[in-house]
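Before any comments, here is the structure.
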Amino acid sequence: MSEAEKKIVFLEHVSDVLFEAHGASFQEALENAAFAMFETIADPAKLGESKKFVVEETADSLEELAVFVLGKLLSESNASEVFLKRFKVVDFREEKKAGSKTFLVKGIAFGSPATREAGRTDVKAVTFHEARVEKRGEEWVIRILLDI
């Protein structure tokens, strides 16, 4: 999917960045949510994909999973001094054990060294406030609030 085809809607918020990412599957919506965060942080047109790292997370709900994955991407990019451009989910599962569910996701993030020219906004955190994952008809929607 090209960057122009990403389904992201930025919503009004007084002091932070609020968006909804859409997709035909949870995985696609999560990839688009990651792109929305990356696009907030840096200009994707000024980035390459020379750096990559793997992210794996588990959670008890899809909301937690989305926040955990985006939070891990944010912390890894900060620690590595990399601006991320793309995130690809390579594995997504739901495991049921003893009446409880656990969701697992594994993905690969791609980006390039952080530069002042590419930078846009400093994102401090991915928050649980207003986090929502829902299926609307045939489409998955992930709502996320970024603390800037």
* Using θ = phi - 60° and the Karplus relation 6.51 cos²θ - 1.76 cosθ + 1.60, list the HN-Hα couplings for region 18-31 in order, rounded to whole Hz, with x at every Gly or Pro. => 10, 9, 10, 10, 10, x, 6, 9, 4, 4, 5, 4, 5, 4
* **Mean separation of Cα contacts under 8 Å (6+ apart) over length of region 1-62, as relative contact order %** => 20 percent
* To do: May I have the pair-distance distribution P(r) for the chain, computed from all Cα-Cα distances with 10 Å bins from 0 and rounded to whole percent?
  => 12, 44, 35, 8, 1, 0
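Counting helices only, and only those DSSP H runs with n ≥ 4, report the 222 nm mean residue ellipticity of the chain as the sum of -39,500 (n - 2.57) divided by its residues, in deg cm²/dmol to the nearest 500.
Details: 2 runs with 35 residues, N = 148.
My calculation for the chain gives -8000 deg cm²/dmol from helical runs alone.
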* **Pairwise centroid distance, computed over Cα atoms, of region 38-93 with region 114-132, Å** => 11 Å
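What percent does the relative contact order of the chain come to when contacts are Cα pairs within less than 8 Å and at least six residues apart? Intermediate results must be reported in sequence, preceding the final value.
Numbers: 320 pairs, mean separation 45.9, N = 148.
For the chain, the relative contact order is 31 percent.
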* Structure fact -> In degrees rounded to 10, the 0-90 angle between helix 62-80 Cα long axis and the longest Cα principal axis of the chain is 30 degrees
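Every number here is computed from the coordinates shown, using simple stated rules; none is lab data. Given the structure is predicted, the values throughout are model-derived calculations rather than measurements.
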